[in-house]
Structures are given as structure tokens and as C-alpha cells.
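Since the structure comes first, as C-alpha cells, the remarks are kept for the end.
The values are calculated or read from the model by the stated rules, or taken from the named source; none is laboratory data. Bear in mind the structure is a predicted one, so any value in this text is a computation, not a measurement. FYI the Cβ positions are ideal-geometry reconstructions off the backbone, even for glycines, and counts take in every protein chain you see.
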Amino acid sequence: MDNSNKKHTSKYTRVSTGRQENEKTIDSQKAEIDDKSKVDKRIVLPQYDFSDDGWPSPILARPGLDALRDAVKRGEIDTLYVYDLGRLSRVFYLQLFLLREFEESGVNVISLHDVNPENPEEEFLRNIMGIFHDFERIKIAERFRRGKLYKAKNGMLINGQALYGYKYIKKTDSKPPKYLVNAKEAEAVKMIHSWFGNERVSIKGIVRKLYEKGILPRKNKSEFWSTGPLLRLLRCESYITGLIYYNKSEAVPTKNPRKEVKYKKIINGSRRVRPREEWYKYEVTPILDDWELFNKVQKILDNNRRHGPRKKEYDYLLSGLVYCECGYRRAGNGKNNGHNYYRCTERVLKSPLPHECKSPALNAQVLDKVFCNELGAYLTDPTNINKMAEDYLKAQAIDESEDRERQKLHESITKLKEEDARYIKAYGEAEIDFEQFKEMKRGVNKRIKALEDDLIRLNEQVKDINIDNVELKEFCQEVKEVLGSLNYPTKSLLIQDLIDKIVLKGKTNEVEVMGHLPINHLNIGYELISRDRRTSQCRKEYAF
């Protein structure tokens, strides 16, 4: 029995981060849905059980929801159970968008705690309820915001997560919440300030010392501290002033995320400092009592920030593009002997743990010079330019309209061949005589031949491209002169546009280069009309 076209029952559950008490857990939602589906005599197969645990409703890009929508688009689902429509989204227009998408695909959405409309009046009632749910969500959020501000203005502690060095004491029926000094962490705070201010230990040295003493960061996600939390700890005035502030910053959308990921649980991943008059203070017991040491620490940090990005003795031309064979990026690093190198960053990123990469450093001056010479030779070779131009022009010639025409020709040929097969079958079953069969087959074959000729002509149009009118030798000579006159910033931008990744194999002294040539953006003088970094389909790899 063929079940390929059979449609299935599915369920979708969701819980927002930090709201499981109010919104019920994923398991309790599934349990209620299972009870309802059993009453309806429907079975939800494991592959049609979709859920998103810890995803806020305003975010529509969720892995479970996307999997559900893909299954609906493929026509695999005819019924969808949800605990309530707020599981799809509490934002009304997003909820309505999803409902329309499912219903237009023939999916019956059954909510356990909402109106399941059977006529236009009930559908209107469901939409009204959705609007009120959205209004209630906004109203509750605003009520929480104003309530917290009111408490903060009256000197109550709002921050739940205590600073390193303090512990949070929850409120009781008779006492408000408060911070108390954590003796063990407070001692670490004092040591860190003393090491940095008095002993002039570097941040990396402090990381090593904390690791050797077995002092872990509070969340224990790593065996050792990282530089960011240490710098924030050293700059924190609360340790010396005894003042902690609420409403000091606000969440804002991340403009330049470090990692491009498909699914983001948090839209506002960055923070912006508010004006100081909007801060609300709360007093705690200071951990530090030496203002002289604290001021010394701030002075060192300011000097490091001001003079840290020192004037480079050497401009690393391939900076940001070079990788080690172990997978880590390589960074420019100079030495006192007058040479500069591209070194694997694994030894720094894994510190204070022992590093595993044994690939030696590669001389930056030599690599930059050889790379530029090889790249220049490649870009000024008429054979290479001719081949790249042909590939580019062919790609431009194959537009969407020709693709559609080619697809139609293929479909027509397939249908005619199916028709030809039916004639053969009819003749074999003696439904038509031989003369009729010959006439019909002759007509079909003639039409197939005509369509195949059209398809051949369409494909030949791409092959007929030639660029004989381009004076390649003169062009390449002009490119060579321009490349020789480029300064460092322009040369660096050119390489950034052409090259995607350079892998240095220190053990074999090989260099693997992966990149592309955006011909439509390359012009004499290299004026940057566009910085489109999308890799072309004709991706090439070269070993210099």
C-alpha cells in the first residue's frame, strides 16, 4: 500500500526563557495535546512532534517552527495541535500570518485553549482574542518595567545576578533582597587588583595565575578566565565605591555580530549605556579600600587602551585572511630580530592550557611579497583573464527567462515521449491499426525533433560567446602598471575583495589560496564601486 501521499497529524509546543512557571513546561503542553489527540483518535508520529524550548514569541525564526512550516509546505500535514495560539506567537500579526499560512495549505489548526472557528463569526472572535492577548503582553511588560523603576527609585535592590565578589540573598516576608560579600570571591578580587596594579602582571599573566590557583570563573563554563571579564572586573567602580546601579544600560540590536547564525534566541544582543541621570543606585559593602591602588589600576588600563594599538612596525598585508592548517586563524606577530611572522593563534587562545599546534611561524615579509608577485602574475596573464571573462559572460548570458524556456522545452519533450509510449501501448493492444500507429508516431517524432533542435540552439547561444574584441594584451599591461603603483591601503582592499581564505601549511611550506574574481567590480585604478564579498559559483583554488 502506497502511503507517500498520506497526510499526518502534528503538534507544536513552545516555552519562553524564564517563563516556564507561567506558561507551563514543554512536557505539560505535550501531555495535554496527547490526551486531546487520543480523544480525537489521532496519532502524532515522532517526526511530526515540533517544539522550541526557550524561544521568545516575537522571534519567528525558530528551528522547530521552521521544521513545522517546511513539513506543511511539503503537504505532509493536515492537522496541527497547539496548547494555545500564543505558542505560535503572542504577537498578533505574526500569529495571524502563521494561521493564514497553515490554513491556506489545508492544515486544520486545533488550539486546546482558544476558539476553533467553524464560521466567519467565530474566526472574528478568535482574532479579537488574539489582539487582546497581544495587548495584554505589552501591558504586562510595561507594568513590570514601571514596577522595577519604582522600586529602584525607593532604594530597593533589583539586580538578581550579583557582581563577582558578592552573593545575592533572596527576599523574605519581612526583609527585602540584598547583596552580601562572598569572602572567597572577594579575596580573588583583591588579588587581581594587586597583581595588576602593584606587581604589574599582564592580563594573560593573571589568567595563568588564577588557573594555577584553581580559581574558576563563577559560571564554570571554562577552566580558566578570559580577558573580557577580567577587564570589566578591574574597571568596575562598585568594588571601591560600594554603589551598584540599576537601569545603567539598555539592550539594543546587535549591529555587527561576531558569528552569523541562522537562529538567534536574542534579538537585542548588545547593550548601550544610558545617561547617568537615569541610573538608580543601591549601596553595598565595598570590597576594596585602597583608592590609591584602584586609581593606579585605572591609569594603567587607560594607558594600555591609549597606547595598546601601537604603531605597527609592519603592515601585515594578508591580515584577517590567513589560517593555520590546524583550523585556527594566524595573526601577525613581530620579533626583536627585525622579522615579522604569521603565527597560529591557538597558543594564545588556549592559554594557560598547553597548545597542540606545532606548525612553525611563516615570515610575513617573504609571504606577502611572494603572494603579491604570484597574484599579480595571475591577474596579468591574458589566458587567465580570457578564461575568467568567458565564464563571467556565459553566466550573464544564462538569465532566468532562458532557464524557464529551457525548462519548458524539457517538459514538452517529456510529455511527447509519454504520448509516444501510449501510442505504442495502444498498438500493442490492437486498439489502433498499423497505419494509424505510423501516422501518429511520425507526428510525435517530428515534434520531438523540433523541440530538441530548439533546445540545442538555445544551448549553443551560450557557447558562441567570444571576446575577441577585447585587447587582452594591452589590458593586462595596464593592469600590471596599476598593480605596481598601488599603496598599502588600496592593495589591501584589492586582496580583501579577491581572496576569501589563505591556509598556511607550515610543515610542508605550502600555501593554499581560495578566492574569486568579481569581474564586474574590477576596473583599472581599482575604484571600489562595490564591496560585494559573495563568492562566485566558479570558485577556484590555487597553490602558490
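Select from the range 58-103 the residues that are among the charged types (D, E, K, R) and more than 22 Å from Asp134 (Cβ to Cβ) and write down the one among them that is nearest to the chain's Cα centre (by Cα). Only one residue fits best here, namely Asp66. Here Ile495 meets the list (1) part of a helix (DSSP H, G or I); (2) modelled with pLDDT of 75 or more; (3) surrounded by 13 or more Cβ atoms within 10 Å (Cβ to Cβ); (4) not assigned by TED's automatic domain parsing to the domain that holds Asn373 almost entirely, failing just condition (4).
Of the candidates Leu293, Leu288, the single residue that is more than 36 Å from the chain's Cα centre (by Cα), in a loop (DSSP other than H, G, I, E, B), closer than 28 Å to Ile192 by Cα and assigned by TED's automatic domain parsing to the domain that holds Ile203 is Leu288.
Restricting the search to the range 356-392, which residues are under 25 Å from Ser226 (Cα atoms) and out of contact with any strand residue (DSSP E or B) (no Cβ under 8 Å at 6 or more places or on another chain)?
Pass one, the range 356-392, residues under 25 Å from Ser226 (Cα atoms): 356-359, 361.
Those that are under 25 Å from Ser226 (Cα atoms) and out of contact with any strand residue (DSSP E or B) (no Cβ under 8 Å at 6 or more places or on another chain): Glu356, Lys358.
Checked against (1) surrounded by 14 or more Cβ atoms within 10 Å (Cβ to Cβ); (2) not polar (S, T, N, Q); (3) not in a helix (DSSP H, G or I), Gly75 passes all but condition (1). Filtering the range 104-124 to residues that are surrounded by 14 or more Cβ atoms within 10 Å (Cβ to Cβ) and of a type outside the set (Ser, Thr, Tyr) leaves Val107, Val109, Ile110, Leu112, Asp114, Val115, Pro117, Glu123.
Name the one entry in Arg100, Arg143, Arg126 that is in contact with a strand residue (DSSP E or B) (Cβ under 9 Å, 6 or more places away or on another chain) and either outside the structural domain of Lys38 (by TED's automatic domain parsing) or closer than 22 Å to Thr9 by Cβ (or both). Before you say what the answer is, go through the steps one by one.
Numbers: Arg100 fails: in contact with a strand residue (DSSP E or B) (Cβ under 9 Å, 6 or more places away or on another chain); Arg143 fails: in contact with a strand residue (DSSP E or B) (Cβ under 9 Å, 6 or more places away or on another chain).
After applying the criteria, what remains is Arg126.
Residue count for the range 115-168 satisfying the condition of being among the hydroxyl-bearing types (Ser, Thr, Tyr) and in a helix (DSSP H, G or I): 1.
Of the residues Leu60, Leu98, only one is crowded, with 17+ Cβ neighbours inside 10 Å and not in a strand (DSSP E or B); which? Working first, answer last.
Working: Leu60 fails: crowded, with 17+ Cβ neighbours inside 10 Å.
On inspection, the qualifying residue turns out to be Leu98.
Looking at Val252, Val284, Val261 in this structure, which one is modelled with pLDDT of 75 or more, closer than 30 Å to Trp55 by Cβ and among the β-branched types (Val, Ile, Thr)? I'd like the intermediate steps shown before the answer.
Working: Val284 fails: closer than 30 Å to Trp55 by Cβ; Val261 fails: modelled with pLDDT of 75 or more.
Matching residue, one of Val252, Val284, Val261: Val252.
Could you tell me whether Ser37 is surrounded by 15 or more Cβ atoms within 10 Å (Cβ to Cβ), in a strand (DSSP E or B) and among the small types (Gly, Ala, Ser)? Spelling it out, it is not the case that Ser37 is surrounded by 15 or more Cβ atoms within 10 Å (Cβ to Cβ), in a strand (DSSP E or B) and among the small types (Gly, Ala, Ser).
Yes/no per residue for (1) of a type in the set (A, V, I, L, M); (2) surrounded by 14 or more Cβ atoms within 10 Å (Cβ to Cβ); (3) outside the structural domain of Pro63 (by TED's automatic domain parsing); (4) within 23 Å of Lys167 (Cβ to Cβ):
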residue: Ser222; (1), (2), (3), (4): no, no, yes, yes
residue: Val252; (1), (2), (3), (4): yes, no, yes, no
residue: Pro257; (1), (2), (3), (4): no, no, yes, no
residue: Arg271; (1), (2), (3), (4): no, no, yes, no
residue: Arg274; (1), (2), (3), (4): no, no, yes, no
residue: Glu277; (1), (2), (3), (4): no, no, yes, no
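Residue-level analysis places Gly214 among those that are exposed (fewer than 13 other Cβ atoms within 10 Å of the Cβ), on the phi > 0 side of the Ramachandran plot and not assigned by TED's automatic domain parsing to the domain that holds Ser57.
Scanning the range 429-448 for residues that are part of a helix (DSSP H, G or I), surrounded by fewer than 14 Cβ atoms within 10 Å (Cβ to Cβ) and not hydrophobic (A, V, I, L, M, F, W, C) yields Glu435, Gln436, Lys438, Glu439, Arg442, Asn445, Lys446.
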